[in-house]
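Remarks on the structure that follows.
The values are calculated or read from the model by the stated rules, or taken from the named source; none is laboratory data. Quick caveat: nothing in here was measured; it's all calculated off a predicted structure. Cβ sites come from the backbone with ideal geometry, for glycine too, and all protein chains shown count toward neighbours. With ligands, DNA and RNA removed, areas are computed over all heavy atoms of the protein, side chains included. Shrake-Rupley method; radii C 1.70, N 1.55, O 1.52, S 1.80 Å.
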Amino acid sequence: MDPVFFPFTFITEPVARDLSTCFDRSTVLMPSGLQVPNSMRNLADKGRLSLVTPFMTDDVALETTIKNYREWADLHGSRHLRQFIEQIPGPPFHDDSSVYRLIEEIKTRSRDAGAMKNQSERRSEFIFQSRIFLLIAQEFDRRNRDLQQDLAVVESMEHNFRRYLHAMENAVDVNQPSDGLYRDGREGSYMLLERLRAWTCFLFQKAVTARIFVTTRQPIVDRLINAIPWVEPVLAVRKIPVGDSGNVGAVKWRKDLGRWLADYTALNETSGAKVPPQPPDVRKGAATLSLMVYRADQVPLKWFGRAAGVESLVEEAHDDRQGGKATLLAYIKSEENGLTI
């Protein structure tokens, strides 16, 4: 059972590496099948990711809306963004492909709940708005990754130049490594709650049947475990070696861990779980991860919906994943220099 990565729809190489340390393959849900970054396609081709697009409709309308939004933003700049959001759309701009469709959707967020005709219509609007947001966030993350890589190259060039300059001046040799401020490549904390709220749109789709979810962001974990009172920790593993994904011991541990997690979702009583497998030994100087797993006797849609603040949309939604199964939340944390990914 592949865990579903959230609340991002773009994943970088360092994060994919860390996920591959704990899981053979992870699933990333995509808001549109027409916009899939090439770097993620490459990771999928290598078998490290499974890219799933649960939505089978509105892709063209969604892409057109995003395209027109970008054209508007490029033309007017950020100074007029407030005017863009607040402007009332006129009849000439009221077609489905206009940027003013996006204005209406943004304004819908502040409407009274009773203004919508019914619950189904509210969910449809929420899902479409969320897909727009996730596509914009995905492009932001991709560009941010490219920027970090460019800055890392410049930083490395500057460091090498200083080393060369000191050597030419017969000064003290400069052996210190560069700061590495831009080499991490992991997601930041930008609009995390908004990302979680938008990401819950996937859980309204019957095609998403997962019970195991994984994240690399501590604030998201805190939000979920505080959303309902019956969340309990079931696993805490430290010193998991990074980078030995092909090692025989690492392969066996990941397979055993996957079976252990899958079995845990079906248990009514956590005390009946088997002893979790132990990761392989860590080589001296190797980077390590820690893995924490939390369990809730709740279907994913209701748990995540409550944490994201969209309970009103969840109340009448039907979720086929009942049957007494639990939902697991896995949190991967880097132990490298005490940083959290």
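List of remarks:
- Over all other residues within a Cβ to Cβ distance under 11 Å of Leu43, the charged ones net out to +3, with Lys and Arg as +1 and Asp and Glu as -1.
- q = 0.13, 0.16 Å⁻¹: log10 I(q)/I(0) that the Debye formula gives for the stretch 191-262, counting C-alpha atoms only: -0.59, -0.86
- Accessible-area value, Tyr294, 1.4 Å probe, nucleic acids and ligands omitted, Å²: 40 Å²
- Ligands, DNA and RNA excluded, the heavy atoms of Trp260 present near 20 Å² of accessible surface to a 1.4 Å solvent probe.
- Given a 1.4 Å probe and the protein chains as shown, Glu194 ends up with an accessible area of around 90 Å².
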